[in-house]
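Heads up, the thing below is written out as structure tokens.
The values are calculated or read from the model by the stated rules, or taken from the named source; none is laboratory data. Values in this document were obtained by computation on a predicted structure and should not be read as measured data. Cβ placement follows ideal geometry from the backbone for every residue including glycine, while neighbour counts extend to all protein chains displayed. The protein model used for the area step is the full one, side chains on, heavy atoms only, and it has no ligands, DNA or RNA in it. Shrake-Rupley method; radii C 1.70, N 1.55, O 1.52, S 1.80 Å.
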Amino acid sequence: MKLNGSMMENYALKVSYIPDETAAPEGPSAGGRRGFNARGPPRAGSPGLGARPKSQSEVPLRLLVPTQFVGAIIGKEGATIRNITKQTHSKIDIHRKENAGAAEKPITIHSTPEGCSNACRTIMEIMQKEALDTKFTEEIPLKILAHNNFVGRLIGKEGRNLKKIEQDTGTKITISPLQDLTVYNPERTITVKGLIEACAKAEEEMMKKIRESYESDMAAMNLQSNLIPGLNLNALGLFPSGAPGMGPSMSSLPPPGAHGGCSSFGQGHPESETVHLFIPALAVGAIIGKQGQHIKQLSHFAGASIKIAPAEGMDAKQRMVIIVGPPEAQFKAQCRIFGKLKEENFFGPKEEVKLEAHIKVPSFAAGRVIGKGGKTVNELQNLTCAEVVVPRDQTPDENDQVIVKISGHFFACQVVLDSLNQSPQASLKITLSELEAVKKKRKKNTELLDFHLSNGS
């Protein structure tokens, strides 16, 4: 009640409740599709929220174990692993064939949180016993694999969450650096050192945090249509590829636009626009995903048509992503693409992701975008830190439009695109004056606030 209607940076906050799925439903389901409880009994793999008794967690426990102990974990003819799965009501996959010759092998445990923890404890005990039997003297830490999307929230502000877990459990916890991530491995290694019971307790606490982060993200995505109109920033760029809840259905998408890149200046559907975003050629696989799943999920989530144009040559260093959709869909799609390139390490850990985007404007507006003596475009570049180029020598296309090229980080590109998509004749000066005010307030603001400001500017 106190937050609702409060002002922040000249914007009024609107606060609404998220339905609690852990509460018992009041009567039979009406069969609708808007609420959580209207979907019938939960299916395996559905992105549920809250604790469901005896329900398998959507987030499996992933361990990394020394290769020399894999045989002991499996046991003679698989007897040991079968016993673990039976006692803990879990499904355990030991990925022996991955990374041939590697010193460590991943293990994936699917079960309830309690089942995952019990299986983890049993595996640690088996490794400890095998180490004694083989006179292996080195310490055997517990190693947990976690998707990078959730690690920041596990660590907490100034490392508080992790420090508290260490203090409460009497363990020492370290996390592999971002530099160790690769295009094919978005997971960080969490190493826990201590007694078996202490490590098991630390695993419970850490996985609880990770599952809460996952459920929060899924709630944000599932409730997108019920919350405040506009962006849901918590749902952008936080999901591992193939996350449940982002189905491949494309029924809600607008029809694909023409490949000519026409924007929305007074023709066709005024809400839809086309932006050409240029990404590194090597990043195409990451954007498309396995069997095209990632780009399908992204299209469905953003509500936009997203296509990757064919390469212009064998040695092309860039590929063009064609995004067709309304401004909100453009924001979501581009934000996720920028984030994906950062996650997949196509840019350094301290390097901002800067891409080039093309949008078409009416030829008569090009001069106004440039301004007298280039004043308007220079002012726009200074305020947004983006490079804006309106080629003077280009010939207008059949729709009497010309291309404006924008290069910069996500926030800068969005502000420039927003400026160009308004009426260039009337509102560019207003936008620039507002940007000047925003710029003065940005010095100590976080990146998340930058996203909020770019959405409202």
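Considering only residues that are charged (D, E, K, R) and open to solvent by 30 Å² or more (accessible area, probe 1.4 Å), which ones fall in the stretch 310-348?
Of all residues in the stretch 310-348, those charged (D, E, K, R) come to 312, 315, 317, 319, 328, 332, 336, 340, 342-344.
Once the filter is applied, which keeps residues that are charged (D, E, K, R) and open to solvent by 30 Å² or more (accessible area, probe 1.4 Å), the stretch 310-348 yields GLU312, ASP315, LYS317, ARG319, GLU328, LYS342, GLU343.
Take the stretch 384-419 and flag every residue that is open to solvent by less than 30 Å² (accessible area, probe 1.4 Å) and either of a type in the set (Ser, Thr, Tyr) or under 10 Å from LYS354 (Cβ atoms) (or both).
THR384, ALA386, GLY408, HIS409, PHE410, ALA412, CYS413, SER419
Considering every residue within the stretch 176-195, establish whether at least one is in a loop (DSSP other than H, G, I, E, B), farther than 27 Å from GLY348 by Cβ and touching a Ser or Thr at 6+ places or on another chain (Cβ under 6 Å). Walk me through it before giving the result.
Start the filter on the stretch 176-195 by keeping residues that are in a loop (DSSP other than H, G, I, E, B), which leaves 176-177, 181, 183-184, 186, 194-195.
Narrowing further to those that are farther than 27 Å from GLY348 by Cβ: 194-195.
Narrowing further to those that are touching a Ser or Thr at 6+ places or on another chain (Cβ under 6 Å): 194.
There is at least one residue in the stretch 176-195 that is in a loop (DSSP other than H, G, I, E, B), farther than 27 Å from GLY348 by Cβ and touching a Ser or Thr at 6+ places or on another chain (Cβ under 6 Å).
Is it the case, given these coordinates, that THR88 is β-branched (Val, Ile, Thr), open to solvent by 40 Å² or more (accessible area, probe 1.4 Å) and at pLDDT below 95? Step through it out loud before you land on a result.
Numbers: β-branched (Val, Ile, Thr): yes; open to solvent by 40 Å² or more (accessible area, probe 1.4 Å): no; at pLDDT below 95: yes.
Against the criterion (β-branched (Val, Ile, Thr), open to solvent by 40 Å² or more (accessible area, probe 1.4 Å) and at pLDDT below 95), THR88 does not qualify.
Matching residues to (1) assigned to a strand (DSSP E or B); (2) under 25 Å from LEU195 (Cα atoms); (3) of a type in the set (Asp, Glu); (4) at pLDDT below 90:
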| position | (1), (2), (3), (4) |
| --- | --- |
| GLY71 | no, yes, no, no |
| ILE84 | no, yes, no, no |
| GLU98 | no, no, yes, yes |
| LEU132 | no, yes, no, no |
| LYS143 | yes, yes, no, no |
| PHE150 | no, no, no, yes |
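Filter the stretch 178-202 down to residues that are under 24 Å from the mean Cα position of the chain (by Cα) and in contact (Cβ under 8 Å) with a residue 60 or more places away in the chain and give me whichever is farthest from PRO280 (Cα to Cα).
Per the criteria, the residue is THR189.
Please work out which one of (1) farther than 19 Å from CYS413 by Cα; (2) surrounded by fewer than 16 Cβ atoms within 10 Å (Cβ to Cβ) is the condition GLU351 fails and give its number.
(1)
Kindly indicate the residue of the stretch 372-396 that is assigned to a loop (DSSP other than H, G, I, E, B) and in contact with a helix residue (DSSP H, G or I) (Cβ under 6 Å, 6 or more places away or on another chain) and also modelled with the highest pLDDT among those meeting that condition. Spell out how you get there, then give the answer.
Taking the stretch 372-396 as the starting set, the residues that turn out to be assigned to a loop (DSSP other than H, G, I, E, B) are 385-386, 390-396.
If we keep only those that are in contact with a helix residue (DSSP H, G or I) (Cβ under 6 Å, 6 or more places away or on another chain) too, we end up with 385-386, 390, 396.
Numbers: CYS385: 77, ALA386: 80, VAL390: 79, PRO396: 84.
Filtering the stretch 372-396 for residues that are assigned to a loop (DSSP other than H, G, I, E, B) and in contact with a helix residue (DSSP H, G or I) (Cβ under 6 Å, 6 or more places away or on another chain), the one modelled with the highest pLDDT comes out as PRO396.
With the checklist (1) within 15 Å of VAL65 (Cβ to Cβ); (2) open to solvent by 40 Å² or more (accessible area, probe 1.4 Å); (3) among the charged types (D, E, K, R); (4) in contact with a helix residue (DSSP H, G or I) (Cβ under 9 Å, 6 or more places away or on another chain) in hand, flag the one item GLU98 doesn't pass.
(4)
Of these, ALA202, ALA198, which one is surrounded by fewer than 19 Cβ atoms within 10 Å (Cβ to Cβ), in contact with a helix residue (DSSP H, G or I) (Cβ under 9 Å, 6 or more places away or on another chain) and either modelled with pLDDT of 95 or more or assigned to a strand (DSSP E or B) (or both)?
On the way: ALA202 fails: surrounded by fewer than 19 Cβ atoms within 10 Å (Cβ to Cβ).
Unique residue meeting the criteria: ALA198.
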